[in-house]
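Visitor: Sending over a structure as structure tokens; questions will come in a sec.
Taken together, the values in this text are just the output of simple stated rules run on the coordinates, not laboratory data. Since we're looking at a predicted model, the values are computed, not measured. Glycine also receives a Cβ, built like all others from the backbone with ideal geometry; neighbour counts cover every protein chain displayed.
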Amino acid sequence: MTCGEVQELIDDYVDGALTGPELHEVELHIASCAACREEERQLRALIARASALPREKAPPRDLWPGIAARLGEHGDARARWSGTRRVLFSRPMGLAAAAAVALALLSVLVGRPTGQATPPSPTGSIETVSTKGTPAPVLAAETDYVRATGQLMDALSARRSGLSPETVKAVDDNLKTIDDALRQIRVALDKDPGNRQLTKMLASTHQKKLDLLLRLLKLTSQI
Amino acid sequence: MKTMTSMMVLALAVAPASLRAQQKLDEKRSAARDGVVEIESAAGSIHVIGWNRAEVTVTGTLGPGAEGLEISGGSHRTQISVETDRNPHGVNADLEIHVPAGSRIEINSFAATIAVSEVTGAVTAEGVNSSISVAGGSKEVSAQTVNGTVDVSGATGRVHAESVNGAVTVKGVKGSIEASTTNGRLVVTGGTLEHVGLETVSGPIRFEGDLTKAASIEAQTVSGNVDLVLPATISADFSLTTFSGDIQSDFGGAARRPNKHTSQKELEFTTGDGDAKVEVQTLSGAIVIKKRP
């Protein structure tokens with residue numbers, strides 16, 4: 001079994017869904033291949049992190065359906081690519097890590113304890129979220145967005161080497177543009193808390209950042 | 001034969017590197033007039049041209065890093081891919097692909113320049129470091145890139161055009177448009193439109209087209225300016241909102257603050273019977289509505 005074939009099966013392997021000769025072949029390969037062993041280790045670690053997050057019902061906000069749908073699209077893309085055996089681009093990591101990150105993201109969004117509206121630890125490029133006069137539902141939604149984008153930024157950072165320097169610069173410039181815009185909207189919201197149009201603009205700008213990161217993650221997973 | 005799978009991999013693996021540096025392509029397959037053609041190539045250029053024949057042809061060259069061309073599938077789904085065993089940077093393949101005009105086209109690339117013309121079926125094109133242009137009467141277009149321009153013209157159905165770091169230009173569409181960019185320029189001109197959704201973060205937005213009677217335009221940007229040039233006779237409800245920008249309208253009315261506690265400015269008015277709906281929101285960008293004679 002080649003590394004590419006193992007990449008196709010590693011999600012099922014980690015999930016314990018492989019049986020018979022496939023399971024045996026994957027185990028043999030992983031035992032003798034440091035790269036695949038490392039990927040298995042990373043995948044298990046990500047899933048463990050996701051599993052450790054609290055699980056409660058999804059927050060009833062507009063944020064969730066869009067993200068869930070996009071995760072669904074991501075899953076479709078994964079199935080499409082893994083369904084073909086053709087090697088278009090070499091894929092050193094396959095899509096397993098991306099799937100695990102999606103799982104972690106899913107867990108973060110589904111599992112945020114209700115009523116918690118504290119600013120998140122900055123894992124992305126967002127430094128903080130405003131709390132001054134911001135209604136709790138808005139703050140909670142923004143907390144979710146920041147956490148989600150932080151997770152995606154972490155996942156993407158592992159794939160940056162697959163992008164050309166000019167693409168990396170373009171992505172960084174645009175993320176900065178989006179973060180600047182988010183700050184401007186927050187300043188306006190501080191002056192006019194509860195303004196529905198500003199809230200809508202804040203959500204759509206966060207969504208734009210999420211879309212960008214999801215798209216990059218999806219496309220770079222094919223490298 | 002109902003199901004025919006043909007596969008061909010140009011046997012380049014054993015060829016010396018000097019020969020692999022430039023390989024001419026000249027391939028042909030029969031194809032249904034309304035089938036699917038999937039194209040995958042890492043970098044270089046992809047030019048897809050619709051024609052009136054029931055066949056797919058591939059010409060062009062495989063350059064450095066392109067290990068081979070694979071054509072697979074049957075007449076209702078033709079899959080064309082350039083194989084490479086390395087990172088797409090440094091790979092080059094220039095493909096000219098003729099397809100039956102009614103085909104549905106799906107293109108996936110990392111850094112190829114993508115051009116589609118004279119295809120009337122649906123076109124989906126996606127890239128990272130790619131510029132994408134789709135011209136002709138495609139009934140549905142979805143074009144998305146991260147770093148590059150997107151140009152769509154002459155489509156006759158739904159258009160989804162998106163770039164993160166590049167200008168998006170849509171011309172002469174008859175149908176509906178969803179277009180967005182982060183800091184590029186977003187321009188829609190001509191055509192007859194039922195729904196238009198335009199969104200940027202800092203890039204300017206310009207719309208100059210015709211609308212169906214009950215059409216809707218929604219434009220949103222944080223700091224870009226919005227220019228809408230609309231028919232003087234338009235019948236529409238307008239709702240224009242900005243927080244620190246200015247609002248100007250040839251259709252009259254003056255922006256006002258909804259209350260003294262906000263810097264938000266609004267301008268709402270109706271022309272004619274208010275059939276269409278025009279909604280614009282900015283944070284700091286200016287909104288300018290002009291009449292087109």
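Visitor: Where the Cα atoms of chain B are projected onto their three principal axes, how long is each span, largest first, in whole Å?
Guide: 77, 36, 28
Visitor: Given a Förster distance of 35 angstrom, what is the FRET efficiency for A:E166 paired with B:T59, based on the Cβ-Cβ distance and rounded to 0.05?
Guide: For R0 = 35 Å, the calculated efficiency reads 0.75.
Visitor: Hey, another quick one. Suppose the chain between B:S235 and B:D26 were pulled fully straight at 0.36 nm per residue; how much longer would it get relative to their current alpha carbon spacing?
Guide: Taking 0.36 nm per residue and subtracting the Cα distance, the gain is 69.8 nm.
Visitor: Would you please give the residues with an amide H less than 5 Å from that of B:G209, counting only those at least 5 places away or on a separate chain, with H modeled from the backbone geometry?
Guide: Residues meeting the criterion, in which the H sits 1.01 Å from N, are B:G190, B:V229.
Visitor: Direction-averaged shadow area of the convex hull around the Cα atoms of the range B:200-246, nm²?
Guide: That works out to 3.6 nm², a quarter of the Cα hull's surface.
Visitor: Could I ask something else about it? Give me the orientation-averaged projected area of the Cα convex hull of the range B:148-197, in nm², one decimal.
Guide: 2.7 nm²
Visitor: If you don't mind, another one. Counting pairs on different chains as well as pairs 8 or more places apart, how many Lys pairs in the range A:170-210 have Cα atoms under 19 Å apart?
Guide: Step by step, the pairs that qualify in the range A:170-210 add up to 5.
Visitor: Another question about this same structure. Going by average Cβ density within 10 Å per residue, which order do the peptides A:176-184, B:252-260 take, highest to lowest?
Guide: Packing proxy ranking, top to bottom: A:176-184, B:252-260.
Visitor: Hey, what did chain B get for relative contact order, percent, Cα under 8 Å, at least 6 apart?
Guide: Taking the mean separation of contacting Cα pairs over the length of chain B, I get 11 percent.
Visitor: Okay, next question. For a Förster distance of 51 Å, can you work out the FRET efficiency between the beta-carbons of B:E140 and A:L23, rounded to the nearest 0.05?
Guide: 0.75
Visitor: Which residue, chosen from B:L211, B:V146, B:T156, occupies the Cα position most advanced towards the positive end of the dipole of chain B, where the dipole is computed from +1 (Lys, Arg) and -1 (Asp, Glu) charges on Cβ about the Cα centre?
Guide: B:L211
Visitor: Run lengths n ≥ 4 of DSSP H only: what is the helix-derived mean residue ellipticity at 222 nm for chain B, with -39500 (n - 2.57) per run over all residues, to the nearest 500?
Guide: 0 deg cm²/dmol
Visitor: Also: Using the Karplus curve 6.51 cos²θ - 1.76 cosθ + 1.60 with θ = phi - 60°, what ³J(HN,Hα) values do you get for each residue of the range B:38-54, in whole Hz, with x for Gly and Pro?
Guide: Karplus values, whole Hz, x for Gly and Pro: 9, 10, 9, 8, 5, 7, x, 8, 10, 10, 10, 10, x, 9, 9, 10, 8.
Visitor: To the nearest whole percent, what portion of all C-alpha pairs in the range B:204-293 is separated by more than 21 angstrom?
Guide: Here the tail beyond 21 Å accounts for 24 percent of pairs.
Visitor: Jot down the per residue volume, in cubic angstrom and as a whole number, of the convex hull over the alpha-carbon atoms of the range B:27-104.
Guide: Roughly 69 Å³ of hull volume per residue.
Visitor: Over the range B:67-168, how many percent of alpha carbon pairs lie in each 10 Å bin up to the one with the longest distance?
Guide: Histogram of Cα-Cα distances, whole percents per bin: 15, 46, 32, 6.
Visitor: Scan around B:L69 for amide H atoms under 5 Å from its own, H built in the peptide plane at 1.01 Å from N, and keep only partners 5 or more places away or cross-chain.
Guide: The list, which skips near neighbours in sequence, is B:L10, B:E83.
Visitor: Expressed as a whole number of Å, what is the distance separating the alpha-carbon centroids of the range B:116-176 and the range B:177-216?
Guide: A separation of 13 Å, based on Cα centres.
Visitor: Continuing with the same structure: Using each residue's phi in the range B:69-79, evaluate 6.51 cos²θ - 1.76 cosθ + 1.60 at θ = phi - 60° and report the 3J(HN,Hα) Karplus result to the nearest Hz, with x for Gly and Pro.
Guide: 10, 10, 10, 9, x, x, 5, 8, 8, 9, 10
Visitor: Could you pull out every residue, at least 5 positions away or on a different chain, whose amide H is within less than 5 Å of the one on B:Q248? Hs are placed 1.01 Å off N in the peptide plane, and Pro or chain starts have none.
Guide: Residues meeting the criterion, in which the H sits 1.01 Å from N, are B:I287, B:V288, B:I289.
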